[in-house]
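Have a look at the structure below, then the notes.
No value in this document is a laboratory result; all are computed from the given coordinates. Note that this is a predicted model, so its numbers are computed, not measured. As a convention, Cβ positions derive from the backbone with ideal geometry for all residues, glycine included, and neighbour counts pool all protein chains shown.
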Amino acid sequence: MTELGQSVASSNRLLRELARWPTTLRIGIGLMLLIVLAGVFAPLLTPYDPYAQDFGSALLPPNWAHPFGTDNFGRDVLTRVLYGIRVNLPIGFFTTYVPMVYGVALGAFAGYFGGLFDGLLMRILDITVAFPFLVLIIVIVAVLGPGVQNIYIAVFLTAWTMYARLARAEMLVERGKDYVLAARTLGYGSLRIVLGHGLPNIINSSIVFSMSDFVLNIMLVSGLSFLGLGVAPPVPEWGAMIAEGRDFIFDAWWISTLPGLAIVLTGTALCLIGDGLAQRLGERRHALL
Amino acid sequence: MVLFDYIVGRLLQMIPVIIGVSLIAFVSIHFVPGDPVEIMMHGRATPEALAAAHAKLGLDQPVLVQYWRFIVNAAQGDLGNSIIQNANVSKIVGERLLPTIYLLVTSAFLAVVIAIPLSVVAARRADQAADHVIRLAGIVGFAMPPFWIGILLMLLFGITLDWFPISGYGRDFIDRLHHLFLPSLTIAIFLAPILVQSLRTAMLDVMTAEYIEVARAKGLGPWRILVKHALRNALIPVTTILAVNIGWLLSGAVVVEYLFSFPGLGSLLVRAVGYRDYPVIQGLSLVFAVLVLAVNLLADLSYMLIDRRVLKA
């Protein structure tokens, strides 16, 4: 096949794949793209600086110049929400997908080998499940001190367990299947069987779950910031903004309520993607584990 | 006898978990960068006061001795002393345990009240417009952070309409229910989407059972079959769903208690973290974990009483 033929064939495959996407997946990905673009092009979308204080125009209700109003320092709330995309989305992304990598790997190996390693892993899972997730994170953050870096450490220490549980359960089913036996008969090493043959068959449930997890992590980080344990002001982080507006709730409702819309919109987009992926990949969607 | 064996077996299974949980609660204070006592006293203490505080917390003992004391005391209900509040941690925590339990119960109740009609309609009209609307509402509801829901409810019911108090706990029973309403509704709105999702699936699964066919053959209407036959059987897993999600419920409670200045375990935890009151944080993490384990145990036991087949498995 010529180069041109190859590229036509692959673009055809892409189009065919796109045609099979459920509506929820398309809407979710469309929304998510808009949010990412709004974050990337935030300086072009708004004339204001997210940090510049202007006491002359403090606590202005929503109007044409400030669609989301201004806060107690006279900063434009919409501007801060847009710049918040640059803060919340990357943190949400890394807190979701870094633990997923080693969580799935550990779960897959435990499910494949069984035995002592699996037993040990299961005990660790039992113990971490006994703590309410937020409490565990708060305790770790309390010990290490507030801040984004320590939130990363706390999440990396704990969040992998959910992926390990999912991957282990799937691997237990897969390891008895014929293709695994065939690979073993061919003399392939365990590493190759688990990562090369098992992983493609067990990863779907984790991918679908990761969308809910992404939503939960955005809420976790904004929740910690709301409690004063996460991203510290004046950084435009959504939860911190909601917390700052709490003191003005009686006379300036917009400071707390409108940034929340950003969380809801992002969360909805991610949930729609999760819903669509679940349909496309033929998985049952778990909101929670 | 089978029943007794089951309960004993279930309790024995919990022992390694409890040891692990207590170990995590115990070691937490030892990972504080620097001297935890100095941090707690905000660097304003004399060396003598520091040494006295170290001795009072038992931090001058070998680690194994400390851990042994920690679990022996905890088993007797003594969680140590708070240097900052100058009081026994068990007493501080104990005062706040009941409000949190009330909050959990009322929240779970409200969540079930919200979720049942929605899931019945969603199951009855599966894959039709009403189902899609409920599913979308569930997705949006899942994406709403509890502290934000709480602020919206405060604004609407507390400030604009002035129907419900937005902070505190109340004195007598009626007053308490009045105070509990907004925080409970906040947690319920945050919990309901998960319940609707599971209940809808459970009801649709039940709808294929033979006794539903029989009911249909008897000429019963679809709503009646759904409510009287399917819902009843689908409700059994609700206890399990609630129990499995108790950690989720408690996580929501921490933030919501803080928002509504509700005197429960969650707001205590946030305050203790603010003061760096490590003994309280340690004690609370243990209490939270034991609460989760106890709720799961109770759910398993009640499930077993409802459905004796569990024993045979």
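A few remarks follow.
- Database remark: amide H of A:ASN72 closer than 5 angstrom to the amide H of A:LEU59 (H placed geometrically; neighbours at sequence offset of 5 or more, or on other chains; Pro and chain starts carry no H).
- If you take all other residues with their beta carbon under 14 Å from the beta carbon of A:LEU220, and give Lys and Arg +1 and Asp and Glu -1, the sum is -2.
- Fraction in percent of alpha-carbon pairs per bin - 5 Å, chain A: 1, 5, 10, 12, 13, 13, 13, 10, 8, 6, 4, 2, 1, 1, 0, 0
- Fewest-first ranking of B:ARG135, A:ARG184, using other Cβ atoms within 10 Å as the exposure measure: A:ARG184, B:ARG135
- Average beta-carbon neighbours from other chains, 10 Å sphere, peptide A:263-273: 4
- Using the Cβ-Cβ distance between B:ARG216 and B:ILE71 with R0 = 41 Å, the FRET efficiency computed as 1/(1 + (r/R0)^6) comes to roughly 0.10.
- Cα convex hull volume per residue for segment B:153-238 (Å³): 134
- Where the alpha-carbon atoms of segment A:118-182 are placed on the principal axes, they occupy 51, 21, 16 Å, in descending order.
- Extending 7 Å from Cα along the Cβ direction at A:VAL98 and again at B:TYR303 yields two label points whose distance is 3.5 nm.
- Extents of segment A:206-263, largest first, come to 44, 20, 15 Å (Cα atoms, principal axes, whole angstrom).
- With N the number of residues in segment B:67-211, Rg(Cα) / (2.2 N^0.38 Å) evaluates to 1.42.
- q = 0.15, 0.16, 0.19 Å⁻¹, segment B:174-313: log10 I(q)/I(0) [Debye, one scatterer per Cα]: -0.90, -0.97, -1.15
- Cα Rg, Dmax (largest Cα-Cα span) when computed across segment B:55-98, Å: 11.3, 35
- Annotation: peptides A:208-219, A:112-123, ranked by per-residue average of other Cβ atoms within 10 Å with the highest first, follow the order A:208-219, A:112-123.
- Peptides A:84-93, A:42-51 ordered by average Cβ neighbours within 10 Å, highest first: A:84-93, A:42-51
- Angle between chain B longest axis and helix B:246-259 axis [Cα atoms, degrees, rounded to 10]: 60
- Each peptide in B:61-74, B:104-117, B:175-188 receives the mean, over its residues, of other Cβ atoms within 10 Å, and ordering these scores from highest gives B:175-188, B:104-117, B:61-74.
- By the count of other C-beta atoms within 10 Å, a proxy for reagent exposure, A:THR79, B:THR201 are ordered fewest to most as B:THR201, A:THR79.
- Taking the three principal axes of the alpha carbon atoms in segment A:53-112, the coordinate ranges are 64, 19, 12 Å, sorted in descending order.
- Normalised by residue count, segment B:25-104 yields a Cα convex hull volume of 119 Å³ per residue.
- Taking θ as phi - 60° and the Karplus parameters 6.51, -1.76 and 1.60, the scalar couplings of segment B:76-87 work out to 8, x, 10, 9, x, 10, 8, 5, 5, 8, 6, 8 Hz in sequence order, x denoting glycine and proline.
- For segment B:1-140, pairs of C-alpha atoms spaced more than 25 angstrom apart make up 58 percent of the total.
- Scattering curve values for segment A:149-289, log₁₀ I(q)/I(0), Debye with Cα scatterers, q = 0.10, 0.11, 0.18 Å⁻¹: -0.50, -0.57, -1.03
- Here the translational diffusion coefficient of chain B follows from Stokes-Einstein with Rh set to the Kirkwood radius across Cα pairs; for 37 °C and 0.692 mPa s it amounts to 147 µm²/s.
- Distance between modelled label sites at B:PHE31 and A:GLN6, nm, 7 Å Cα→Cβ extension: 4.9
- Take each residue in B:197-208, count the other chain C-beta atoms within 10 Å of its C-beta, and the mean is 1.
- Debye-sum result for segment A:1-110 in log10 I(q)/I(0), which assumes one identical scatterer on each alpha carbon, at q = 0.20, 0.23 Å⁻¹: -1.04, -1.14
- Residue-wise HN-Hα couplings along segment A:151-159, as the Karplus relation 6.51 cos²θ - 1.76 cosθ + 1.60 with θ = phi - 60° gives them from phi, are 5, 4, 4, 4, 5, 5, 6, 10, 6 Hz; Gly and Pro carry x.
- With 0.36 nm allotted per residue and the present C-alpha distance subtracted, the A:LEU45-A:ARG280 stretch has 81.1 nm of extension available.
- A viscosity of 0.692 mPa s and a temperature of 37 °C, combined with the Kirkwood radius over Cα pairs in Stokes-Einstein, give a translational diffusion coefficient for segment B:196-264 of 231 µm²/s.
- Note that segment A:75-81 has calculated 3J(HN,Hα) couplings of 7, 6, 5, 4, 4, 5, 5 Hz, one per residue in order, obtained from phi through the Karplus relation 6.51 cos²θ - 1.76 cosθ + 1.60 (θ = phi - 60°); glycine and proline are x.
- Seen from A:TRP238, the other residues with C-beta closer than 12 Å to its C-beta sum to a net charge of 0, counting Lys and Arg as +1 and Asp and Glu as -1.
- Across segment B:67-122, Cα-Cα pairs farther apart than 13 Å form 71% of the total.
- For A:137-149, mean number of other protein chain Cβ atoms within 10 Å: 5
- The angle between the Cα long axis of helix B:129-142 and the longest principal axis of the Cα atoms of chain B comes to about 0 degrees, rounded to the nearest 10.
- Sequence-distant residues sharing a close amide H with B:ASN81 (under 5 Å, placed H): B:VAL89
- What the Cα atoms of segment B:1-63 give is an Rg and a Dmax of 19.2, 61 Å.
- Note on A:MET162, B:MET14: ascending count of other Cβ atoms within 10 Å places them as B:MET14, A:MET162, the fewest first.
- At 0.890 mPa s and 25 °C, Stokes D of the protein assembly as shown from Kirkwood alpha-carbon radius, µm² per second: 93
- The angle separating the long axis of helix B:278-306 from the principal Cα axis of greatest extent in chain B is about 30 degrees.
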